[in-house]
1. Counting only Cα, what are the radius of gyration and maximum Cα-Cα distance Dmax of region 1-141, in Å?
2. Counting each pair of different Cα atoms once, what's the Kirkwood radius of region 125-165 in Å, rounded to one decimal?
3. Could you check the spin-label model distance between K24 and L114? Points 7 Å from the Cα along Cα→Cβ, value in nm.
4. Treating region 167-214 as a set of equal point scatterers at the Cα positions, no solvent, please give the Debye-formula log₁₀ I(q)/I(0) at q = 0.20, 0.30 Å⁻¹.
5. Tell me, what HN-Hα J-couplings in whole Hz come from the Karplus equation 6.51 cos²θ - 1.76 cosθ + 1.60 at θ = phi - 60° for each residue of region 86-98, using x for Gly and Pro?
6. Among the aspartates and glutamates, select those whose C-alpha is under 16 Å from the C-alpha of K164, and discard any that sit fewer than 8 residues away in the same chain.
7. Quick one: which residues, 5 or more positions from A153 or on another chain, have an amide H under 5 Å from its amide H? H modelled 1.01 Å from N in the peptide plane, none for Pro or chain starts.
8. What residue among G42, G27, G144 has the largest mean-square fluctuation in a Gaussian network model of the chain, using Cα springs under 10 Å?
Amino acid sequence: MSNSTDPVIVHWHEHAVSREDREKLHGHKGCVIWLTGLSGSGKSTLANVLDHKLYSLGCHSFVLDGDNIRHGLNASPQMLAPIHGEAFAARFGLGFSPEDREENIRRIGAVAKLFCEAGVIAITAFISPYRRDRDRVRASMKEGDFIEVFLNAPLEVCESRDPKGLYKKARAGLLKGFTGIDDPYEPPERPELVLDPVRYSPEELADQVIGFLRARGILPQVQGSKLGEAEVLHK
């Protein structure tokens, strides 16, 4: 007898409304803007500034933030246990081991792909320290859908910012496996964009990303476009 994971009984169903139809309705294409960099490099800040700018242009976008996702979809065993029990929590809860980080990125990559296929600009803000995990997410999507954006902030700058006090805890030995201290961060080898969050403000960085999206044809040029009208209305 087939079980629930048997590929014979799991089929792909085409949607009545196509991705192209949704993108035409939105006035722009869907994509995944994958922000990666050390803790404190400014990923969440940039993600929200970019999201707000896109919103004011009339775009359909959404931020998938690393901390927020770990409150639900990728919750820890400690968060899941009181509701679902210890066995469930141990099986499905995610911590920060290399294996759990791999699954964390796999799950969010799958969610981001769904947003993209709905014609939405998904903005992800995750350290995503391992190159292999990011490359697997890229490989799961159509060519051009995955836009890897590296926030190239040096460790010493990120550590000096330390907005959550995590570097201080890691240096004191209170936080094990922390990226950049006792666990590696693997920079992208061929990202679509490399941003300098030391030299430029979040607003300037967001404008750089928007310029890239226009150049790639993901966002239309302003003149005579649906978004052009929205841009004028939101000034």
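None of the figures in this text is laboratory data; all of them are computed from the coordinates on show. Since the structure is predicted, the reported quantities are computational estimates derived from the model, not experimental observations. All Cβ positions, glycine included, derive from the backbone under ideal geometry; neighbour counts span all protein chains shown.
1. Just the Cα atoms of region 1-141 yield Rg and Dmax of 17.1, 54 Å.
2. With all distinct Cα pairs of region 125-165 included, I get 12.3 Å.
3. Placing both labels 7 Å beyond Cα along the Cβ direction yields 2.6 nm.
4. Summing over Cα pairs of region 167-214 leads to -0.79, -1.01.
5. Those phi angles translate into 5, 5, 4, 4, 5, 7, 10, x, 10, x, 10, 5, x Hz.
6. D65, D67, E156
7. L38
8. Of G42, G27, G144, the most mobile in the Gaussian network model is G144.
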